[in-house]
Amino acid sequence: MTEAQPLFEVLRHSARPEIVDAIERMVLEAPDRKLNRMNALAFAGDHGFDEEQTISAFLHAARLGLFEMSWNVLCPGCGGVLDANTSLKSVQSETYSCTLCAAGYEPTLDEMVEVTFTVSPRLRHIGAHNPHDLPPHEYFRQIYWSSGVDLPEDGYEEKVDEFMLEVLELPAGEKAVVSLQLPAEFIIIFEPVTHSAQFIDVKGEPTKERQSISLVFDHMHRHHETIELRPGPLRIIIENHTEVRTLPSVCVANDALHTLLGQRRPFLTAKRLLSNQTFRDIYRTDTIDINQRLKIASLTFLFTDLRGSTELYERVGDLAAFDLVKTHFSILHEIVGAEAGAVVKTIGDAVMATFPTPDRALAAAMRMREAMSSLNEERGNDDLLLKIGIHEGPCIAVSLNERQDYFGQTVNIASRVQHLATSSEIFATGAVLENARAAELLTTRGLKPQSHHVALRGITDAIDIYVIP
């Protein structure tokens, strides 16, 4: 840790000191498992810190080499990690399959890709740096299950043993035989290293005759078909054809298993991180490969533009107008970041920003309008009149012009909605106001949106637009 002290001091210049202090204490004192695939949102909640400030601290820490970031593709069913990547650029498959859930999924950045942080070996070596040396229960906890599964701190192994009948550590190239009594339950023989599973439907009259099955674990055969056996003795012949240790585990698909996997907590999604201003500032172009097209099921876009900026330059002169526009950009950037958003790009006097949820975009829009009004009052005129448009929907994250950007009809509609606005107006679509928290925000402020059914240029069907007074 001696060489890390200067890095923590540097980190205090770019992140909240109290958050840095908590991270440093954790690195010094926490058990190994706490430092692997850390959930930044859970860390913020445990310490009472602001989530955005905590995310920012972990991002700066990763940039300094204190932590390693991992982009993990998750199974939305069981919460298992189907693929772990050091970069989002590695998320290339069109579909991912979970053998434990017997289901396939098309990856989206909303809830299927988590971003976690693991302490760097240069700071402290932990067991997860050599995952194939971890005890089986710890492999499941630290490597297989994602940070979104809220596993119990106390009694974890006892909870697992309520559904796990047998677990075997099988070295590379080895063969083993497991004998056990099959209960009249649905049994899953699951191997987390190769993500292989064999389902056994145990039913019928009990038998005293020994039943046998043979399983080979490699990186190709996934054992999808369910077999039927009777309650009674079973002999399982297992072969490990991989180059690493495997962990064949005989589990009962009972209430204990479903209860354990049903305990979930919020985690840092790739969608949220891509809409984080600190992340965009730090990583800029090193996010998405130029050929990647990553789907996002729901993202909120906010577009702004200054009304009459050409007349402003004519009236006050280029230098004074430039300073005003620059001040306006600075204010908008600050507000966007404070509301968990990120500025994607500026085009002339316009801003394109993204937010993880509609309510944060709406809150930012109202703060922007108030800030411009205050700035105009200070100057004694109405030079800065901001037009704002908001829309929510699916999109694709792409790399354009060496920058992480977004593409799709949702982006087009959001831009068109902004063009409808006149001076100091906020226009939002029905998709935005259908969000419960956005609607609550308007109710709390006593604002009653006015509805208009309008046709947008280039959009086939007319849509409902709401003017926020």
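The values are calculated or read from the model by the stated rules, or taken from the named source; none is laboratory data. These figures come from a predicted structure and were not determined experimentally. With ideal geometry, Cβ positions are generated from the backbone for all residues, glycine too; neighbour counts draw on all protein chains shown. Side chains are part of the model used for accessible areas, which takes the heavy atoms of the whole protein and leaves out ligands, DNA and RNA. Shrake-Rupley method; radii C 1.70, N 1.55, O 1.52, S 1.80 Å.
Taking packing as the residue-averaged number of other Cβ atoms within 10 angstrom, the listed peptides 54-65, 396-407 run from highest to lowest as 54-65, 396-407. Rounded to the nearest 0.05, the FRET efficiency derived from the C-beta distance between GLU334 and GLU209 at R0 = 60 Å is 0.20.
Packing-based ranking of 424-433, 373-382, 66-75, 89-98 yields 424-433, 66-75, 89-98, 373-382, ordered from highest to lowest mean Cβ neighbour count within 10 Å. If you sort the three axes of the alpha carbon gyration tensor as a ≥ b ≥ c, you get a/c of 1.5 or more for the stretch 65-104 and a/b no higher than b/c, which makes it oblate. List the cysteines in the chain whose Cβ has no other cysteine Cβ under 4.7 Å from it. Isolated Cys, the chain: CYS78, CYS251, CYS395.
Of the complete DSSP H runs in the chain, those spanning 20 angstrom or more by Cα along the long axis with a mean Kyte-Doolittle score not below 0.5 are 318-338.
Computed with a 1.4 Å probe over protein heavy atoms only, the accessible surface of the chain comes to 45 Å² per residue. In order along the stretch 169-186, phi translates into HN-Hα couplings of 9, 10, x, 4, x, 8, 10, 8, 10, 10, 10, 7, 9, 7, x, 7, 9, 8 Hz, rounded to whole numbers, per the Karplus curve 6.51 cos²θ - 1.76 cosθ + 1.60 with θ = phi - 60° and x for Gly and Pro. When you count the other C-beta atoms within 10 angstrom of each residue and take the mean per peptide, 175-184, 345-354 line up highest first as 345-354, 175-184. Our coupling estimate for the stretch 271-283, obtained by passing each phi through the Karplus curve with A = 6.51, B = -1.76, C = 1.60 and θ = phi - 60°, is 4, 5, 5, 5, 9, 9, 5, 4, 4, 5, 5, 7, 9 Hz, Gly and Pro reported as x.
When the alpha carbon coordinates of the chain are projected onto the principal axes, the ranges are 94, 59, 41 Å, largest first.
In the chain, the calculated helix contribution to ellipticity at 222 nm averages -9000 deg cm²/dmol per residue, counting -39,500 (n - 2.57) for every DSSP H run with n ≥ 4.
Carbon-plus-sulfur fraction of the accessible area of the chain, 1.4 Å probe, in percent? C and S fraction of accessible area: 48 percent.
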